[in-house]
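We did not get these values from a lab; they are worked out from the coordinates using the rules stated. Values in this document were obtained by computation on a predicted structure and should not be read as measured data. In this analysis, Cβ positions are derived from the backbone assuming ideal geometry, glycine residues included, and neighbour counts consider all displayed protein chains.
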Amino acid sequence: MRERTEVLARTPVRQRLIWTVAGFGTLAFAACLFGPLVGSTRIHLSAVFDRSIPYADNVDAQIFFVARLPRVLAAALVGSALALSGVVFQALLRNPLASPDTLGVSAGAALGAMMAITFNFDFSLLGISAVPLASFAGSFGALLIVYGLSTARRRGTSTIVLLLGGVTVQALLSAVIAFVQYLADFTQTFRNVRWLMGSLDVASYAPIGAALVPMAIAWAGFATLPRVLDLISVGSESAAARGVNVERTERVALISASLATGAAVSLAGPVSFVGIVVPHLVRLIVGADHRLVLPGSALFGGAFLIGCDLVARTIIAPLELPVGIVTAIIGGPVFLWLLFRRA
Amino acid sequence: MAAVPSRVRLAASLVLAVLTPAATGVVTGAADNPQRIISLVPATTEMLFVMGAGGRIAGVSNYDRFPPDVARLPKVGGLLDPDVERLLSLKPDLVIVYDTQTDLKRQLERARIPMFGYVHRDLADITVTMRALGARIGMKAAADAAAARIEQQLAAIRARVANRPRPKTLLIFGREPGALRRVDASAGYGFLHDLLELAGGSDVLGDLKKQSIDMSTEMIISRAPEVILELHYGDSLKPERFDAERRVWNALPSVPAVRNNRVFLLGGDEFVVPGPRIVIAADRFARTLHPEAFK
């Protein structure tokens, strides 16, 4: 381990970045390419792109373009967003156990979805149905609370206070979720539970397009973070001593990670484990430098979730497993193996 | 809970009917002539009314909606949250409980209140339960007659569509409004499956011996149903939204049911209460699948 760290330290960052992006990028590209080709039904690529068959009659094309491609794209986006948020929350809160769920944004998104299901919300906007809309609104509400907590830091509170405050918000929202579920009838409860297991079967491009808006804002925020996160994750004081505007950086990090999480959860439901296991796996491979961990996690997160979804939709075909089950079952042992092998 | 009854009513029976494993009509206590019956099961409430025992009902569940007479009866909770104090205060001499309500059964046992344990599995169980319940409350002849009437009516519907081509049909009992996501479909086992087959449909998921499945978009396209029946009940969807919800299916134009305009949204609680109104449900299925047979 020490030998590897020394080798990493001696290699210029630019070169390591190229290797990181090339390696994880190839993996993500392969996953995006392979993902739509495999499923519970056998399809022929020649038929998919055969323009002589009208689209309305082309079953292969519809399976490819309506059933598979949107969910592969959704998996890529959601996996990447959750992994990036995981990295940022872990650095911001200086806690390796932090995840996109820690500060309550996921719980806010879940609460919005539970309310939409339980109270039969009946509206849509630009082709997006009530459940994902309410879910994103819920995550945004939670974000506002967490942001309020972060501004309290100006009055001299510490990261640990933000963490505890966030965890409390998360617990509070979970209690409200339980209350809303209690009001639901059996069918609604059944649908609530299914929502909480996560699903990438989005069946159209409209929700992906909608999720891209907050995700693009989040990416713009993430792009400013790699260097300063390295300094902040060591400590606010030393970061400030090196000229980092700690308050501003923390706020950008918090809002970006929360927006990305909210968009991901409203698109796919809660997908457990990606936000924890992917950042740590990437750190084990490329080291702790956020200039490498952030792009590496974004690419590997997408590839990992595409792979997990592939397993979810084929392992008990023609039925499917909820993807959240697969991420934990695959991610957990792989992570443990890597952790103990390196140790 | 009492503050939101309009939102949370009914629909329970679907999941119960679809998901509860079972035998049929577990009877506790000997047959007698109870006069203050509490029914925690909407299906048995309807059975009691049909056999002429509606006047003996002292309380019903929060999910009971039919017949309209139940509106004036005291409500005593549901499957997961029976209001035991209220139930005991009504001084019942028979309580019809779900057989899975083990805690409630233990409490009733301690209070020495006789019970009738309700369990349900498939279409045939409906009349079996009805006869067992009739025998339990001393109304065997009336219950037998009502059950026989239901069986005759179901047989008549079956006969009416018997020799017609059976369209491959997908029966959906839940999905996300405004999207083809999280589609819950009835598969090849249970009372909805039986009802569909009786009404002259061929269950497109008949090979999967499960009561319900979460159906992916890919599976909907590859199974290529010729008819899609989508059930709506309780407050889940207002009828004026049916057209908009039907159009959601246009995203899958290769599905024969969509191409041939044979996606039907059916609203009504009779689809989710496995009681006497099952005849109405069967009739509506049959008329939807084979309109020419009813001209």
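For A:Trp19 and A:Val334, the difference between the fully extended length at 0.36 nm per residue and the C-alpha to C-alpha distance is 111.2 nm. When each of the peptides A:105-116, A:68-79, B:66-77, A:160-171 is scored by the mean number of other C-beta atoms lying within 10 Å of its residues, the order from highest to lowest reads A:105-116, A:68-79, A:160-171, B:66-77. Taking a straight Cα-Cα cut-off under 30 Å and skipping sequence neighbours fewer than 8 places away in the same chain, the lysines within cross-link reach of B:Lys168 are B:Lys209, B:Lys210, B:Lys238, B:Lys295. The mean number of partner chain beta-carbon atoms within 10 angstrom of a residue's beta-carbon across peptide A:313-322 is 3. Between helix B:123-136 and chain B there is an angle of about 10 degrees, using the helix long axis and the longest principal axis of the Cα atoms.
Starting with the fewest neighbours, write out A:Ile217, A:Ile63, A:Ile315 ranked by other beta-carbon atoms found within 10 Å of each beta-carbon. Walk me through the numbers before you get to the answer.
Values: A:Ile217 15, A:Ile63 27, A:Ile315 12.
In order of increasing Cβ crowding within 10 Å: A:Ile315, A:Ile217, A:Ile63.
Pick out the long, greasy-scoring helices in chain A: whole DSSP H runs spanning 30 Å or more along their own axis by Cα, mean Kyte-Doolittle at least 0.5. Flagged H segments are A:13-34, A:69-92, A:130-151, A:159-183, A:246-268, A:290-314. For chain B, modelled as a GNM whose springs connect Cα atoms under 10 angstrom apart, the maximal fluctuation among B:Ser216, B:Ser39, B:Ser89 occurs at B:Ser89. Using bins of 5 Å that start at zero, the share of Cα-Cα pairs per bin across the range B:121-179 amounts to 4, 15, 15, 15, 15, 11, 11, 9, 4, 1, in whole %.
Taking 18 Å as the straight-line reach from the Cα of B:Lys91, the lysines in range (excluding those fewer than 8 positions away in the same chain) are B:Lys75, B:Lys105. Among the residues of A:129-135, the average count of other protein chain beta-carbon atoms within 10 Å of the residue beta-carbon is 3. The A:Leu45 and A:Asn95 beta-carbon pair, evaluated with R₀ = 60 Å, returns a calculated FRET efficiency of approximately 0.85. Taking A:Gly302, A:Gly324, A:Gly287 in turn, the Gaussian network model of chain A (Cα-Cα springs below 10 Å) assigns the largest fluctuation to A:Gly287. Counting Cβ atoms of other protein chains within 10 Å of each Cβ in B:258-265 and taking the mean gives 0. Springs between Cα atoms under 10 Å define the GNM used for chain B, and in it the highest mean-square fluctuation of B:Asp207, B:Asp194, B:Asp269 occurs at B:Asp207. Each peptide in A:272-285, A:245-258, A:47-60 gets a packing score, the mean of other Cβ atoms within 10 Å over its residues, and the list from highest to lowest is A:272-285, A:245-258, A:47-60.
Between helix B:278-289 and chain B there is an angle of about 0 degrees, using the helix long axis and the longest principal axis of the Cα atoms. Compared with the direct C-alpha span, the chain from B:Ala141 to B:Lys238 gains 30.9 nm at full extension, assuming 0.36 nm per residue.
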